[in-house]
1. Note the full-extension length gain between GLN29 and ALA305 as 0.36 nm times their separation in residues minus their Cα-Cα distance, in nm to one decimal.
2. Distance in nm between label sites at ASP158 and SER365, each 7 Å beyond Cα in the beta-carbon direction?
3. Please compute the modelled spin-label separation between GLN393 and LEU41, points set 7 Å along Cα→Cβ, answer in nm with one decimal.
4. Where does helix 78-89 land angle-wise versus the long Cα axis of the chain, in degrees 0 to 90, nearest 10?
5. Please give the helix 104-114 orientation as an angle from the longest Cα principal axis of the chain, in degrees from 0 to 90, rounded to the nearest 10.
6. Based solely on its DSSP helices, what 222 nm [θ] is calculated for the chain when runs of n ≥ 4 H residues each add -39,500 (n - 2.57) and the sum is averaged over all residues, nearest 500 deg cm²/dmol?
7. Given segment 134-248, report the % of alpha carbon pairs whose separation exceeds 24 Å.
8. Say R0 is 41 Å: what FRET efficiency, to the nearest 0.05, do GLN297 and ALA404 get from their beta-carbon distance?
Amino acid sequence: MNFEHSEKVKRLLADLEAFMDEHIYPAEQAYYDFVHDPANLWKEWPGMEPLKAKARARGLWNLFLPHEYGAFSPGLTNLEYAPLAEVMGRVPWSSQVFNCSAPDTGNMEVLAKFGSPAQQETWLKPLLEGDIRSAYVMTEPQVASSDATNLELSILPDGDHYVINGRKWWISNAMHPRCKIWIVMGKSRFDGPRHTQHSQILVEPDTPGITIVRHLTVFGSMNSPGGECELRFDNVRVPKENLILGEGRGFEIAQGRLGPGRIHHCMRSIGQAQRALEIMARRAENRVAFGKKLADQSSIRQDVARSFCEIEMARLLTLKAADAMDRVGNRVAKDLIAAIKVIAPQMAQTVADRAIQVHGGMGVSDDTPIAYFFTLNRYLRIADGPDEVHMSQLGKQKIAEYVASNAR
């Protein structure tokens, strides 16, 4: 692997870091104050659209979309995108400024790869323009949704429509005021192979029969304006042309979508861990306890050193996984994707925990972003499949691989 960034990536990194210094870091407090004001629940921060316009004018737009999607893409590989996503991850909400935020990124990839020309014109185009946002409606309360074949919501044909019935929860972005389209996954067949029973369909949020059952909190936060909710579908009728790719192709679409999404989360987690480490180091240098600086305490130095080592290891694994995705495809690289999905959020959570400890009481407050990094990465250890599922599948794959190799 070549560890030297291309000239294109060096230029983009310099532009992105300059943009972050000029526009994002100075706006952190204003953004926080707005979204945590109960009067602004489910409202977009007024500074978002002006920042998006500035980012687009600087060419910092849709950087996530893999190069194989031709005209839709700015031409970056997953490996080239990784350091850019890391920088964005340092301020988690900033990804939206560059039109690189989940779940929109995964939904745009689905529509770019699998959508019909009409679906791309109606929904992909405004998503790529940043005019609207979207949601991915997959997880269900009554089944273990980390195995997508367990999903039970029904998507059944009826004349020129499909009729949708069932429940969903932990649906991010569904409450966002700019969210105009959902991709919904459910069963369209109840027999045959499990991996061919599900389909995915485009549903507009204001379609009759959809009920927002409740808003869900994460560690006490509503996560406004893109927070999670529980939904109920009662005889929701959707035109047949809204089906993506075809009946029974839902699991295939989900697998294609989740691979890049998982590694994008990991890239951002690296950025959060790196920033937590930098904040921890500055605190250690400037804080005196028991007569000497924290930076002179051996235990603090060890925490800093361990954190540096762990971030570097996770960063290298992230880059290796991204490189493999580019060279051999997501399916072949699934072992590395699973590995980094387990490693990166846990590492970022651990580094954030050390940084919290160095800050004492300040560490658990919102005076720094560290506490948010801790809770965000704890949440990510469940999102897109819990650690245990990834490790179980990875272990199964590696056992079969090593047994088959007959290595001595």
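Values in this text are rule-based calculations from the coordinates and carry no lab data. As the structure is a computational prediction, the values presented were derived from the model and not from experiment. Please note: Cβ atoms are built from the backbone with ideal geometry, for glycine as well, and neighbour counts cover all protein chains shown.
1. Extending this stretch completely gives an extra 96.4 nm.
2. Computed distance between label sites ASP158 and SER365 equals 5.6 nm.
3. So the label points at LEU41 and GLN393 sit 3.6 nm apart.
4. On a 0 to 90 degree scale, this one is about 60.
5. Once rounded, the angle reads 40 degrees.
6. Estimated from H runs of four or more residues: -15000 deg cm²/dmol.
7. 21 percent
8. Given R0 = 41 Å and the Cβ-Cβ separation, E is 0.20.
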